[in-house]
Each structure stands twice: as structure tokens, then as C-alpha cells.
Amino acid sequence: MKKSDLPDPFEHARLEKGHGHFNDQDDAVTMLLRLKDVRKTAKDWETFQSGAAPGRIVVPSEVSIRDTRQIPFEVDPPMHTDYRALVEAWFKRPDEEEYREKLAKIINELVDEMLTRDSVEVVEEFSLKLQSRALTLLLNIPYDESEIWISWGTHVFRSEDSPVDGKKAAILYDYIDEQIDRAIENPGDDLYSVLLASEIEGRKMTKEEVKGVMILTFAGGRDTVINAVTNSIAYLADHPASLARLHNEPEITTRAVEELIRYFSPLTHMGRVATKDTEVCEHAVKANTRVSLCWASANRDAATFNNPNEIDLDRKMNPHVGFGFGIHKCLGATHARQILRILLGILAERVGSIDILDYEENIEDWEEFQRKVGYNNIKVKFNAKN
Amino acid sequence: MAKITFITRNGEKITVEGNDGSLMELAKQNNIKGIDGDCGGVCSCATCHVHVDPAYFEKTGTASEIENDMLELDDNVGEYSRLSCQIPVSDALDGLVLQVAN
Ligand code: HEM
Ligand code: FES
């Protein structure tokens with residue numbers, strides 16, 4: 001096994017019964033493990049709702065630590081459709097040339113710095129910085145604001161002892177409240193101001209709604225992007241031939257990114273609440289109980305993917321659900337895809353090889369399943385291409 | 001060289017010319033509304049869904065199982081639905097008319 005491998009802990013249960021069980025704060029979750037079941041369930045938002053109590057579709061549940069509803073994530077149609085329509089165009093901006101150029105500049109500067117160092121701890125010193133600086137583009141706010149987010153460290157929304165620590169989340173909530181007040185006093189062309197000026201159902205968006213959108217762009221786009229970037233670097237360290245191929249055949253980059261997302265599945269799963277007694281995969285699901293859509297397991301389903309545990313940069317048919325499926329599919333995917341495409345391009349152009357010096361894996365504990373999702377820390381040396 | 005006509009959801013008819021690549025890529029190059037091609041053509045996003053004019057369906061061929069599984073769950077699916085990223089542009093498709101699905 002290579003250091004960069006992410007084993008699939010779900011295989012046995014996926015084949016044997018198609019679901020797993022996770023006991024979470026007296027609100028158990030049936031994890032759906034097969035690609036077809038995950039897609040069908042994600043599609044059926046009437047039976048499997050997102051608009052339950054705020055925090056309930058997240059696993060582990062955040063019901064006890066927050067009241068703010070995340071938007072559009074914890075909303076069902078028809079409101080969901082209206083919210084998405086409001087923000088969709090904004091979140092497509094990463095495809096614009098000017099945005100991509102700014103992103104390339106951010107990444108090039110970071111790589112400049114890495115190439116001067118004997119050792120880099122990728123999570124804190126590379127991925128967190130990249131994620132934070134890139135987010136200033138998505139929110140359209142000054143670059144320097146990223147310094148604050150970087151200073152929070154990777155664990156701002158997670159505590160060491162408990163994955164749901166209310167005090168940690170408070171840092172973010174207070175920060176966003178302040179930023180909203182600032183935007184009310186001093187409107188600009190940043191996302192806060194744009195949302196505050198938006199209308200939904202013929203009225204202005206409330207402060208609480210704006211907060212619900214902003215929290216999600218911070219929380220949803222943080223660990224996911226950090227893990228995707230860190231895992232990509234570990235992969236390229238272990239596979240110098242892939243780094244060389246990305247250099248010689250840049251046209252494979254788009255496909256490579258989809259394959260990395262499939263394999264890494266940075267978001268393991270997400271919950272839904274059943275609105276009536278129903279059944280998935282011959283398993284009875286009672287009304288008002290939770291299921292989860294396990295993207296990470298679905299993405300290794302051998303019924304659809306040949307050699308699911310191999311990263312195959314040439315995979316042409318790759319119907320992965322790494323960014324979700326159906327109406328709630330990832331709103332930040334355009335941004336995340338551009339980060340990864342540009343990152344791979346720049347690394348291939350400027351880096352000859354990467355050495356892994358030391359690392360500690362980040363293993364998620366879902367009782368029945370232990371899943372490596374990335375690293376708590378990983379030290380590497382970037383060697384310039386000569 | 002093949003002339004391909006896209007009809008968008010608001011009824012706009014746009015005829016473009018292409019030699020290679022996929023129909024999704026051709027649509028993207030020409031900014032056809034409703035064809036986003038988010039996943040770059042690996043059959044993962046269904047943002048390239050079209051209805052093929054029945055007269056041409058034989059030429060474009062039918063969807064593979066993986067593609068069908070995606071289509072089955074997409075909005076506005078019909079008998080002549082295809083994911084345009086899975087159809088290569090070729091001279092044989094000259095005159096093809098496609099209705100953008102979403
Ligand atoms: C590689 C990085 C990322 C991955 C793997 C990822 C994954 C996902 C997945 C699987 C979902 C579906 C959740 C569900 O169905 O309940 C989702 C939704 C969402 N993501 Fe991401 N995400 C990433 C980056 C981002 C970024 C950068 C942002 C924004 C800054 C973001 C914002 C959102 C939002 C707002 C939703 C909810 C959309 C809705 O409910 O309509 N994500 N993401
Ligand atoms: S472009 Fe994504 S499925 Fe065709």
C-alpha cells in the first residue's frame with residue numbers, strides 16, 4: 001500500500017447488505033452505500049428531506065450546537081429552487097478568465113514559497129493557505145482578509161476531543177455577524193452585500209438568511225478543499241509518472257481532477273430525514289429517521305466503476321457523486337474544480353518531484369467503518385523542476 | 001465539417017460548425033445556454049443533456065448503460081435523450097438538430 005492510498009472501508013457492507021449503521025447522539029443513521037441507491041435517494045427530495053431541524057442532516061448531528069439554518073443546503077423546494085437561482089450565477093464566476101488568472105497567481109506565489117523550503121507541512125502551510133486565499137476570490141473581498149481565516153487554523157470548526165464543539169463554531173458565527181453588519185453599513189460588491197440586496201419571495205433577504213448562506217460557504221468549502229488539495233499532493237508525491245504525464249499531456253487535467261474527486265471523496269456522506277415510512281435497498285426506513293448518502297462508498301461501487309480502488313487518470317466514464325447528486329449538488333464545485341485544475345497545471349509545470357517526509361493520517365470514525373479522509377499533517381519536500 | 005443546430009429552452013435556434021471533440025464541447029465553445037458541461041465530459045454531471053431530433057437518433061446512436069443511469073434520474077428525460085458529452089462530432093452528424101433539455 002502506498003502512503004497516498006485511501007482504502008475503501010465500505011466494500012464488504014456495500015456488497016453484503018448495501019447499508020451501514022451509525023449510532024449518532026440517539027439519532028441513528030442508516031448509511032446508504034451503493035451508487036444507485038445514493039443517486040435515487042438524493043433525487044427523491046420529497047421522501048428524503050434536507051429541510052429538517054437545522055443541523056440534523058449533518059453527521060454527526062449539529063442539532064445541539066446551532067439554530068441557524070444553512071442555505072440552500074437545509075432547505076427543500078420550492079424555497080430551495082429560489083435560493084439556488086439567486087446564487088447560481090455568482091458561484092459560476094470561477095469559470096471566468098479573470099478569476100482563473102487570479103487563482104493562478106495565488107497558487108504560483110504559494111508554490112514559489114514552497115520551493116524555497118526544506119520541509120513543508122502541507123495541511124497548515126499549503127492547503128489551508130490556498131483554500132483561504134482562494135475563498136477571497138469567491139466572496140470577492142480583499143485578499144488580506146484571508147490572514148484571519150488562516151490564523152483560525154484547520155480546527156476552527158472541529159475540536160480535538162469532540163467533532164461537534166459549540167465553542168469552536170462560535171468564532172465563525174461571531175465573525176460572520178460582524179461582517180454582515182459591516183456590509184450593511186458599507187455595501188460593496190462582495191457576496192455579503194450582494195446577498196443583502198437580494199430579494200426572495202418579493203422581500204429582501206433577512207440577516208439570518210444571509211448568515212445561513214455565508215456560514216455554509218465557509219464551512220462547506222473548508223475541510224473539503226483542504227483534503228482535496230492535500231490528498232492530491234500526496235498522490236503526486238507517490239506517483240511521479242502522473243506528475244510527468246500532467247506536464248506532457250495537459251489535456252488530461254480536467255479528467256484527472258474528476259478522478260481525484262471520485263477517489264478522495266472529500267465529503268464522506270450527508271444525511272436526509274425520511275418524511276414517511278419507506279424502504280431503500282430492501283431496508284425499511286421509518287418516518288422521521290435519518291439515512292445518509294455515502295458519496296465515498298458510492299464512488300467505489302464496482303457495479304459501475306472498473307478497478308474502483310485505482311486512480312486512473314484516463315477514466316472516461318466517471319459518473320462519480322463526489323460533489324453530490326440532484327438538486328443539492330455542490331454549489332462550490334466550479335470553484336473547487338478550478339482550484340484543482342490550476343493547481344495540477346502549476347505543479348506539473350514547476351515541480352519535478354515531491355518527497356513525503358512524515359505524516360499522520362486523519363481517520364474518521366463511523367463505528368462500523370474507519371475511513372481515512374486525508375491527513376492531520378503531512379510533511380513533504382517540493383523539488384523544483386530543472 | 002458538420003453543421004449542428006441547438007435549440008435552447010427559450011426557443012433560440014443556433015447553428016454552429018464543428019469537426020471534432022464532443023457535442024458538449026462544441027456547445028460550450030459557442031456558449032449555448034443550458035449546456036454547462038460542469039464535469040468536463042466524464043458523464044458525472046448531466047449538465048449537457050439534449051433531446052436528439054428523432055430523424056437523427058440512429059446516427060448519434062443510443063446511450064450506454066452508465067449514461068442511461070444518469071439520464072433516467074435527470075429532469076425532462078425523454079425517449080431521445082442523450083448526454084451530449086458522450087457524442088463525438090463527425091461529418092456523419094451534418095444537419096443534426098438538438099433540443100437543449102434543461
Ligand atoms: C472538493 C471540494 C468540495 C467537495 C468534495 C464538496 C462536496 C459537496 C457535496 C457532496 C455536496 C452535497 C450535499 C448534499 O447533497 O446534502 C455539497 C453541497 C454544497 N457545497 Fe460543496 N464541496 C466542495 C467544495 C465546496 C466549496 C468550495 C463551497 C463553497 C465555498 C461549497 C459549498 C457547497 C454548498 C453551498 C452546498 C449545498 C448546495 C445545496 O444544498 O443546494 N462546497 N458539496
Ligand atoms: S458534461 Fe458532465 S455529464 Fe456531460
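Nothing in this text is a laboratory measurement; each read-out follows from the coordinates by a stated rule. Values in this document were obtained by computation on a predicted structure and should not be read as measured data. Here the Cβ is made from the backbone with ideal geometry for all residues, glycine too, and neighbour counts use every protein chain on show.
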If contacts are Cα pairs under 8 angstrom and at least 6 residues apart, what is the relative contact order of the stretch A:11-384 in percent?
-> 26
What does the charge dipole of chain A about its Cα centre add up to, to the nearest 20 debye, if the Cβ of each Lys and Arg holds +1 and the Cβ of each Asp and Glu holds -1?
-> 900
In peptide A:319-325, what is the residue-averaged number of other protein chain Cβ atoms found within 10 Å of each Cβ?
-> 4
Convex hull volume of the stretch A:11-384 per residue (C-alpha atoms, cubic angstrom) = 133
Within 10 Å of each Cβ of B:34-40, how many other protein chain Cβ atoms are there on average?
-> 5
Name the lysines eligible as straight-distance cross-link partners of B:K28: C-alpha to C-alpha under 25 Å, and not fewer than 8 places from it in the same chain.
-> A:K92, A:K102, A:K316, A:K329, B:K3, B:K13, B:K59
Could the peptides A:289-296, A:121-128 be put in order, highest first, of the mean number of other beta-carbon atoms found within 10 Å of their residues?
-> A:289-296, A:121-128
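Taking only DSSP H segments of four or more residues, each worth -39500 (n - 2.57), what value at 222 nm results for chain A once the sum is divided by all its residues, to the nearest 500 deg cm²/dmol?
Result for chain A: -12500 deg cm²/dmol, rounded to the nearest 500.
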As straight-line cross-link partners of A:K381, the qualifying lysines (C-alpha separation under 25 Å, not fewer than 8 residues apart within one chain) are A:K2, A:K3, A:K105, A:K129, A:K372
Would you be so kind as to identify which of A:I327, A:A298, A:Q338 lies farthest towards the positive end of the dipole of the stretch A:288-345, taking Lys and Arg as +1 and Asp and Glu as -1 on Cβ and the Cα centre as origin?
-> A:I327
Going highest first, how would you order A:102-111, A:26-35, A:354-363 by mean Cβ packing within 10 Å?
-> A:26-35, A:102-111, A:354-363
Considering the dipole of the stretch A:29-98 built from charges on the beta carbon (Lys and Arg +1, Asp and Glu -1) around the Cα centre, which of A:W90, A:T41, A:S64 is farthest to its positive end?
-> A:T41
Structure-based [θ]222 nm, chain B - -39500 (n - 2.57) summed over DSSP H runs of at least 4, per residue, nearest 500 | -4500 deg cm²/dmol
Shielding of A:248-258 by partners, i.e. mean partner chain Cβ atoms within 10 Å per residue?
-> 2
Starting from the amide H of A:S353, placed 1.01 Å from N in the peptide plane, find each other amide H under 5 Å away whose residue is 5 or more places distant or on another chain.
-> A:N383
Does the stretch A:304-351 come out rounded, prolate or oblate, given a ≥ b ≥ c as the square roots of the eigenvalues of its C-alpha gyration tensor, rounded meaning a/c under 1.5 and, failing that, prolate meaning a/b above b/c?
-> oblate
For the stretch A:276-300 and the stretch A:57-109, what is the separation of their C-alpha centers, rounded to whole Å?
-> 25
What order, most packed first, do the peptides B:39-52, A:317-330, A:5-18 have when packing is the mean number of other Cβ atoms within 10 Å of each residue?
-> B:39-52, A:317-330, A:5-18
Between A:N377 and residues 5 or more places away or on another chain, the pairs with built amide H atoms under 5 Å apart involve A:E360
